[in-house]
Amino acid sequence: MSNKVKISFYGAAGTVTGSKFLLETPEYNILIDAGMFQGLKELRKLNWEDFPFPPKNIDTVLLTHGHLDHSGYLPRLVMQGFNGPILGTSPSLAIASIILRDSAKIQEENAEKANKEDFSSHSPALPFYNIEQAEKAITLFEKVEPEDWITLSENIKARFIKNGHILGATFIELDIFGKLWVFSGDIGREQDLLLEPPGRPQWADYLIMESTYGDRRHPVEDVDEILSSEIENVINTNGSLIIPSFAVERLQSLMFKLWQLYKKNKIPNIPIFIDSPMGNEVLDVFERFPQWHKLDLNEFREMKKHFKIITSYKDTWKTIDYNRPKVVIAGSGMVTGGRVLTYLRYYLEKPETTVLLVGFQAEGTRGRQLLEGSQEIKIFGKYCQVNAKIKHIDSLSAHADQVGLLAWTSEIKNIPEQVFLVHGEPHSRDALRVKLKDVYKWNTSSPELHESFSAS
């Protein structure tokens, strides 16, 4: 039997989102992550194309973590015939379940809205997948313990190692015919409010590595000062501070920051509304898996009581009508969907509103448009004038920056046969390629979408 391994890059190649890496071997086929493309319309359209390899011939999916751009394609994969196990850590599978159900619900609602208000170019508009299809994918989830080697076939085994970034996230090592393939997933930060530093690989014959922040260092920002002064500003102007936030990790980090500021008397007891049904469910995941984060559970529960957690859409409208100074944290982080759109539709036109963008804003997202100074953005088929102040905090990102990425690779004892840079926009990918060549003399390439390489 030949020992040939073929890797194909079916997502997150030349762009940040849509992670899908297929390994074909003579005895077993493995898909690492099955993410949705987000951002630019031409990328989102790729989601609707059939998977380029027959899904029924994939033996297993290994999930680095639960984010939509790593797990959101799973229901489509199952719809096309995949029926194998989907392996991930317990918190990753819990978060992926929440994200898939939420994503399916939003897609069903958006399709219904588009058909009712006739603002889609498709007739009828269809959801990318529905709740029933998401549930079918979730039935295939099987949990793994970090650090333990799992035998997948006679000559292939895998293990998952904690990687910071978000609750449950890992990098994955695959021993295939005696060669070690390392998939970085998304690499977390050394200094994280909620999570331990990421683990570091010790060996890699083939390294598939993210490069989201490969061209920059996180700025040194006084986040406490920025949050305090923005809150003081909305109190003085009787305004609203709207913070679009990812439901996983970012929301919990912001809550923890604001809770600390309140306890230190750095901010007054201003109403802070948390409007993210998905974020609320992720708070429960934090309670279920205390061994995966640094927060004391008693303090965590006390912190939760400090915030006004919105559970119904009716309360969203009450919050919109609440015309006193307030902070609203609502999904989603790149303003691509979720409850934050409902707020922005009413608040973007008000000059006393501040929108605080937190972290990376991918090309083609509304968050990126706001960041780049767009004077109007389209929400639910209608244009909204941007009169609000737009601010940005970049240092709360859950991704390692260039320094962190180099630290993550620093304990690899060998020179990899090949390093593939993925999950980055072209400039950041190229900057990291140059850096890895300068520092380690590694042979590094930047695969394009649908490109394949063979190794033996």
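Here is how the numbers come out for the structure above:
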{"item": "Where Lys304 falls short, out of the listed (1) within 26 Å of Leu68 (Cβ to Cβ); (2) over 22 Å from the mean Cα position of the chain (by Cα); (3) assigned to a loop (DSSP other than H, G, I, E, B)", "result": "(3)"}
{"item": "Flag for Asn323 being farther than 25 Å from Gly359 by Cα, open to solvent by 30 Å² or more (accessible area, probe 1.4 Å) and part of a loop (DSSP other than H, G, I, E, B)", "result": "yes"}
{"item": "Condition met for Gln369 (modelled with pLDDT under 95, under 22 Å from the mean Cα position of the chain (by Cα), surrounded by 14 or more Cβ atoms within 10 Å (Cβ to Cβ) and not small (Gly, Ala, Ser))", "result": "no"}
{"item": "Condition broken by Ala96, with the remaining ones in (1) closer than 20 Å to Pro127 by Cβ; (2) more than 17 Å from the chain's Cα centre (by Cα); (3) crowded, with 23+ Cβ neighbours inside 10 Å satisfied", "result": "(2)"}
{"item": "Considering residues of the stretch 148-206 that are crowded, with 20+ Cβ neighbours inside 10 Å and of a type in the set (Ser, Thr, Tyr) only, the residue farthest from His70 (Cα to Cα)", "result": "Tyr206"}
{"item": "Single residue of Lys56, Lys45, Lys4 found to be open to solvent by 50 Å² or more (accessible area, probe 1.4 Å) and under 24 Å from the mean Cα position of the chain (by Cα)", "result": "Lys45"}
{"item": "Among (1) basic (Lys, Arg); (2) crowded, with 19+ Cβ neighbours inside 10 Å; (3) out of contact with any strand residue (DSSP E or B) (no Cβ under 7 Å at 6 or more places or on another chain) - the single one Arg339 does not satisfy", "result": "(3)"}
{"item": "Search result, residues across the stretch 431-456 that are assigned to a loop (DSSP other than H, G, I, E, B) and open to solvent by 60 Å² or more (accessible area, probe 1.4 Å)", "result": "Lys441, Asn443, Glu448, His450, Glu451, Ser456"}
{"item": "Filter result (open to solvent by 30 Å² or more (accessible area, probe 1.4 Å) and part of a helix (DSSP H, G or I)) within the stretch 407-430", "result": "Pro426, His427, Asp430"}
{"item": "Residue in the stretch 124-136 that is of a type in the set (Phe, Trp, Tyr), more than 21 Å from Ile187 (Cα to Cα) and exposed (fewer than 15 other Cβ atoms within 10 Å of the Cβ) present", "result": "no"}
{"item": "Residues (outside any strand (DSSP E or B), touching a strand residue (DSSP E or B) at 6+ places or on another chain (Cβ under 9 Å) and surrounded by 19 or more Cβ atoms within 10 Å (Cβ to Cβ)) located in the stretch 207-224", "result": "Ser211, Gly214"}
{"item": "Some residue of the stretch 271-286 being open to solvent by 40 Å² or more (accessible area, probe 1.4 Å), of a type in the set (D, E, K, R) and outside any strand (DSSP E or B)", "result": "yes"}
{"item": "Positions within the stretch 326-345 being of a type in the set (Lys, Arg) and in a loop (DSSP other than H, G, I, E, B), in sequence order", "result": "Arg339"}
{"item": "Any chance Asn29 is in contact with a strand residue (DSSP E or B) (Cβ under 8 Å, 6 or more places away or on another chain) and modelled with pLDDT of 95 or more", "result": "yes"}
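The values are calculated or read from the model by the stated rules, or taken from the named source; none is laboratory data. Owing to the predicted nature of the structure, the values given are computational and were not obtained by experimental measurement. Every residue, glycine among them, receives a Cβ derived from its backbone with ideal geometry; neighbour counts consider all protein chains shown. Quick note on the areas: whole protein, heavy atoms, side chains included, nothing else; ligands and nucleic acids left out. Shrake-Rupley method; radii C 1.70, N 1.55, O 1.52, S 1.80 Å.
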